[in-house]
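Structure first, commentary second.
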Amino acid sequence: MQYRKFGKSDFKVSTLGFGCMRLPLQSTGGEPDMTKIDETQAISMIRHAIDGGVNYVDTAYPYHGGQSEVLVGKALKDGYREKVKLTTKMPIWLIKSIEDCDKYLDEQLHRLQVDSIDYYLLHAMNKERWNTVTQLGILKFLDKAVMEGKIKHVGFSFHEEIDFFKEMLDAYDWALCQVQFNYMEDRRWEEEIKYAASKDIAVVVMEPLLGGKLAANQPDEIKAEFSKTNTNRTPAEWALRWVLNHPEVTLLLSGMSDMEQVEENLQSMDRATVNNLSIEELKTIDKVRDIYEAKTKVKCTGCNYCVPCPKNVPIPNIFGLYNESNIYNVGEQSKAFYKRVMKAEKGVLSCIECGICETKCPQKLPIIQHLKEAHEHLTT
Ligand SMILES: NC(=O)c1ccc[n+]([C@@H]2O[C@H](COP(=O)([O-])OP(=O)(O)OC[C@H]3O[C@@H](n4cnc5c(N)ncnc54)[C@H](OP(=O)(O)O)[C@@H]3O)[C@@H](O)[C@H]2O)c1
């Protein structure tokens, strides 16, 4: 296992962290139930990873319907708690008053069966949630929780609104930031994480395999591109190595869902040092990215300028599903997600073709037409 210095602290963290959002589930025969973790397997996977050198475990209040924190608490019994730094996150969207902060933190400590959490993150931050943080004085609450020893350090996780990221970084003395970073992500993130590293804020990467999409169902052209290199690496190894190639990255979290993946990632991360990829290998990744991008149906950048739609059509989300379905060969998964969108908000069927979205789109996309195509694709 490789280790890197964790931000401002002297702690040397394993470059592979265990993400506990995609733990193995009990097979119940019907639709998978996310709240029913296969406890025996999940505990052995987490402990096997720790025995293999992993010393960072990440969970959050909502994962597996609340059961991830409970499972992690059990996995870290028998001396494993002392071997890792434990991270969980404040469900900021549930916080309506400062009393709620105490309530959720105490519940999380109880679920995890620990006295203290090493890294406590504001979960999935954006501008709107940051307003809640400032209005309710949540940073003061976090300082108090550090003084009381309930948490040791504070950080935040972040997905969207890249333009707001630097402001977040500058707003507090964060120990870490957690960001989505993989070779298909917006290239501007490379600059953003450099800025975080320049401030000695640890950069913890989530979704390094884009939730598994960069590891499975690869189109033949991509398989051919990788096989030209004669390296025998799996697509997962290529993607994980690319993330850790960056000196600004402190560690990556992998949401491993079976023991084989734990084994493979433990082994491949052993070789993933800073600058582990040659110039030629980086060019291979560039070509792979180009192949994926050429499959994009709608050139939507997800800027969200088109929403809110007067009829609440979640336009960027629908285009995201449509594109993912084509790019990553995950049609069935995208259709299942769209079914849920339809159930909640009627999807494209609510569109009255008012065209307000098209006047706001910086790419000047024919949104109404694309929505019809997406609906057709995702429902047949
Ligand atoms: N703070 C936040 O808002 C937030 C958001 C997202 C994630 N996270 C954290 O970040 C962690 C990592 O994100 P992620 O789970 O999306 O990570 P990821 O590594 O992008 O995706 C995990 C999936 O990749 C596949 N995989 C992993 N290793 C593999 C291998 N060696 N070979 C083939 N497939 C492999 C598995 O998919 P299959 O099961 O399909 O095989 C696994 O479920 C999460 O677990 C969570 O702890 C945080």
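Structural remarks
- Residue in the stretch 286-295 that is in the same structural domain as TYR183 (by TED's automatic domain parsing) and small (Gly, Ala, Ser) present: no
- Yes/no for PHE181 being within 14 Å of the ligand (Cβ to nearest atom), closer than 29 Å to ASP10 by Cβ and of a type in the set (A, V, I, L, M, F, W, C): yes
- Residue check, LEU251 within 30 Å of TYR172 (Cα to Cα) and modelled with pLDDT of 95 or more: yes
- Residue match in the stretch 301-316 (condition: within 16 Å of the ligand (Cβ to nearest atom) and part of a helix (DSSP H, G or I)): no
- Number of the exception - SER268 against (1) under 19 Å from the mean Cα position of the chain (by Cα); (2) within 10 Å of the ligand (Cβ to nearest atom): (1)
- The residues in the stretch 20-61 that are polar (S, T, N, Q) and either outside the structural domain of LEU266 (by TED's automatic domain parsing) or within 12 Å of the ligand (Cβ to nearest atom) (or both) can be counted, and the count is 1.
- Subset of the stretch 201-245 that is hydroxyl-bearing (Ser, Thr, Tyr) and in a loop (DSSP other than H, G, I, E, B) - its residue that is farthest from the ligand (Cβ to nearest atom): THR229
- Yes/no for LYS166 being away from the ligand (no atom under 16 Å from the Cβ) and more than 20 Å from SER9 (Cα to Cα): yes
- Failed item, numbered, when GLU280 is tested on (1) out of contact with any Cys (no Cβ under 7 Å at 6 or more places or on another chain); (2) surrounded by 15 or more Cβ atoms within 10 Å (Cβ to Cβ): (2)
- Strands (runs of 3 or more DSSP E) wholly inside the stretch 1-71 that include at least 1 residues being modelled with pLDDT under 95, buried (at least 17 other Cβ atoms within 10 Å of the Cβ) and among the hydrophobic types (A, V, I, L, M, F, W, C): none
The values are calculated or read from the model by the stated rules, or taken from the named source; none is laboratory data. Note that the coordinates shown come from a computational prediction; the quantities given were computed from them, not determined experimentally. So basically every Cβ, Gly included, is an ideal-geometry build from the backbone, and we count neighbours across all protein chains shown.
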